[in-house]
Amino acid sequence: MCTSPVRLLRKFGLLMIHLSYRGTLTSPGKNLSSVKCNMASSWLSRTCMGGAAWILRNHNGTLLLHSRRAYSSVVSPLHADILRLHWAVESMRNLRQTRVIFEFS
């Protein structure tokens with residue numbers, strides 16, 4: 001069963017829902033109460049391995065937190081992307097970040 005990104009964000013109780021696709025890392029802008037979570041993922045078809053990473057920045061673009069992880073049994077680039085989004089949202093919830101702008105490339 002596929003879950004939409006918006007439904008996933010609501011499930012985790014995040015207040016600000018803003019997903020964007022960009023090729024560059026940017027700060028959240030003038031919204032002082034929000035942070036931006038930039039995410040990336042990769043996939044190797046030969047080994048069925050995937051990886052994901054996220055970084056969290058404040059309104060000035062200052063790095064606050066970051067993390068990365070590897071996955072096994074990843075069947076496609078889309079599967080890696082879904083794992084990346086789920087893990088990043090779950091991480092923000094665990095870190096008690098409620099006003100998050102998610103951006104990925």
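The values are calculated or read from the model by the stated rules, or taken from the named source; none is laboratory data. All of these numbers come straight from a predicted model, not from anything done at the bench. Virtual Cβ from ideal backbone geometry, glycine too; neighbours counted across all protein chains shown. Only protein heavy atoms, including side chains, enter the accessible area calculation; ligands, DNA and RNA are left aside. Shrake-Rupley method; radii C 1.70, N 1.55, O 1.52, S 1.80 Å.
At a 1.4 Å probe, what is the % contribution of carbon and sulfur to the accessible area of the stretch 24-105?
Result for the stretch 24-105: 55 percent of the exposed heavy-atom area is carbon or sulfur.
Kirkwood Rh, Cα Rg: Rg to Rh for the stretch 34-104?
Across the stretch 34-104, the Cα-based Rg/Rh ratio is 1.02.
Which one, M92, V75, A40, is farthest towards the positive end of the dipole of the stretch 34-104 when Lys and Arg carry +1 and Asp and Glu -1 on their Cβ?
Result: M92, furthest along the dipole toward the positive end.
Suppose we keep just the DSSP beta bridges with both residues in the stretch 34-104; what percent of those would be antiparallel, to 5?
80 percent
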